[in-house]
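Novice: Got a structure for you, written out below as structure tokens; questions coming shortly.
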Amino acid sequence: MEIKYFNDTDTLLLTFNSNPVVASEDVSENLLVDLDQQGNPVALTIEHARLFTNVDNFSFQRILHQSTEVN
């Protein structure tokens, strides 16, 4: 996975894999999803990203195991 922010256009690009893109769908005015042959997401583009997220503060957390035990 790769995340790029283009400051000059205020665009955030999240690329999930390197599959060939065969279609793109506008989810909303500022959100575009690129899809592969099977309809799986390849990339997500957010235009005017600063309106929706704080691009200056990024964190990643992997949850390896989450207990669903109820006492």
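The values are calculated or read from the model by the stated rules, or taken from the named source; none is laboratory data. Not measured: the values here are computed from a predicted model. Note: ideal-geometry Cβ built from the backbone for every residue, glycine included; neighbour counts use all protein chains shown.
Novice: Any residue at all in the stretch 58-70 that is acidic (Asp, Glu) and modelled with pLDDT of 95 or more?
Specialist: No, the stretch 58-70 contains no residue that is acidic (Asp, Glu) and modelled with pLDDT of 95 or more.
Novice: Right, another one. What number of residues within the stretch 41-61 are under 13 Å from the mean Cα position of the chain (by Cα) and not hydrophobic (A, V, I, L, M, F, W, C)?
Specialist: Residues flagged as under 13 Å from the mean Cα position of the chain (by Cα) and not hydrophobic (A, V, I, L, M, F, W, C) within the stretch 41-61 amount to 4.
Novice: Next up: Quick check on my filter: what residues within the stretch 1-13 are of a type outside the set (Lys, Arg) and either surrounded by fewer than 16 Cβ atoms within 10 Å (Cβ to Cβ) or at pLDDT below 95 (or both)?
Specialist: Met1, Glu2, Ile3, Phe6, Asn7, Asp8, Thr9, Asp10 - these are the residues of the stretch 1-13 that are of a type outside the set (Lys, Arg) and either surrounded by fewer than 16 Cβ atoms within 10 Å (Cβ to Cβ) or at pLDDT below 95 (or both).
Novice: Here's something else I'd like to know. Please enumerate the residues belonging to the stretch 12-33 that are within 15 Å of Ala49 (Cβ to Cβ) and either in a loop (DSSP other than H, G, I, E, B) or among the polar types (S, T, N, Q) (or both).
Specialist: Once the filter is applied, which keeps residues that are within 15 Å of Ala49 (Cβ to Cβ) and either in a loop (DSSP other than H, G, I, E, B) or among the polar types (S, T, N, Q) (or both), the stretch 12-33 yields Thr15, Ser28, Glu29, Asn30.
Novice: Tally up the residues in the stretch 15-39 that are out of contact with any helix residue (DSSP H, G or I) (no Cβ under 9 Å at 6 or more places or on another chain) and either in contact (Cβ under 8 Å) with a residue 24 or more places away in the chain or of a type outside the set (A, V, I, L, M) (or both), please.
Specialist: 16
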